[in-house]
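The values are calculated or read from the model by the stated rules, or taken from the named source; none is laboratory data. Fair warning: this is a prediction, and the values are worked out from it, not measured in the lab. Note: ideal-geometry Cβ built from the backbone for every residue, glycine included; neighbour counts use all protein chains shown.
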Amino acid sequence: MTIPAEPRRREFEEEALVHLDALYGLALRLSGGDEPRAEDLVQEALLKAYRAWDSFEQGTNCRAWLMTILRNTFINQFRRQKSRPTDVEFEQVAERPHSPALFEADPEGRLFERIIDAEVIAAIDELPEEFRVAVVLADIEGLSYQEVSELMGIPVGTVKSRLFRARKRLQERLYEYAVEMGFLK
Amino acid sequence: MTTDAPVPPGSEMHGEQELTCEESLAVVYEYLDGELDPERHDMVRRHLERCRNCYPYFNFERLFLDYVHEVGARGERSQDLEDRVRALLDEETG
């Protein structure tokens, strides 16, 4: 049975639009802080969700349903453009040696209580896309290696090594920031 | 360096055999990400209960991952976007 337009619209606004900030946050992280791209992504995902609203099972997790639609919308674009040449930055990150500097300087992780969030967000956004997407899916969205592997179309071993390198790169960035701010020596 | 470093010959895990620091450190992220099979997970956990060298490092990595998750999962506001989404729904509703 099709729900008549008006109540359907009201219902969608009440149940789905309340998650707009969460969707936009995810879209921004996936697109590396590119606001116009993230806005387009959210709009496309919400339009799909609105059109499919009749198939949403009331009482189940609407936020998770919407986040999945947004993720899949992004991944479709990501996989379409994947044939582009690998950029230099990607190679640089891949070649970086393991640096345990942050752990050695701050083994108790006290920095995590002092650092401003914008620094971490900037560090995530600046990761090359192939690394950033893995981090967003695994570390922020909590997907398993297998799920990330399927979404990104890469082997599980590649997911692991991308996560490893991306996390080390984030730690290096945080270390540099902490030294700059005088939190660490 | 990758997280799936080969296990040296002769050190395959059997029964109560204990992991070395090197073997534990090689799977730090798989352990914290909950990606190890239960048996291997337990072996790492037992190693961490005893090892004063590995525990602080695992703990640090745990704090780091929790932090990235917490900050990264926060929503972001855009009033402009909300207006545009409503306009889009108006168009769609007709």
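For segment A:36-51, which positions are within 9 Å of chain B (Cβ to nearest Cβ) and either more than 14 Å from the chain's Cα centre (by Cα) or of a type in the set (K, R) (or both)?
A:E39, A:Q43, A:L46, A:L47, A:Y50, A:R51, listed by residue number.
For segment A:52-63, give me each residue that is away from every other protein chain (no Cβ under 13 Å) and on the phi < 0 side of the Ramachandran plot.
If the condition is that a residue be away from every other protein chain (no Cβ under 13 Å) and on the phi < 0 side of the Ramachandran plot, then A:D54, A:S55, A:F56, A:E57, A:Q58, A:T60, A:N61, A:C62 are the ones that fit.
Look through A:G32, A:G25 and report the one residue that is more than 10 Å from chain B (Cβ to nearest Cβ) and at pLDDT 95 or above.
Only one candidate qualifies: A:G32.
Which one of A:V120, A:V148 is in a helix (DSSP H, G or I) and at pLDDT below 95?
After ruling out the rest, the residue left standing is A:V120.
Output the number of the condition that A:G142 fails; it satisfies all remaining conditions of (1) more than 19 Å from B:L63 (Cβ to Cβ); (2) of a type in the set (G, A, S); (3) part of a loop (DSSP other than H, G, I, E, B).
The single condition A:G142 does not satisfy is (1).
If you take just the helices (runs of 4 or more DSSP H) that sit entirely in segment B:15-94, which of them hold at least 2 residues that are over 22 Å from A:E141 (Cα atoms)?
Counting at least 2 such residues, we get B:21-25, B:38-50, B:54-72, B:79-93.
Taking segment A:33-66 as the region of interest, how many residues are crowded, with 18+ Cβ neighbours inside 10 Å and in contact (Cβ under 8 Å) with a residue 60 or more places away in the chain?
Residues that pass the stated criteria total 0.
Quick one: which helices (runs of 4 or more DSSP H) lie wholly within segment A:1-76 and hold at least 2 residues that are among the acidic types (D, E)?
Of the helices (runs of 4 or more DSSP H) lying wholly inside segment A:1-76, those with at least 2 residues that are among the acidic types (D, E) span A:5-15, A:35-51.
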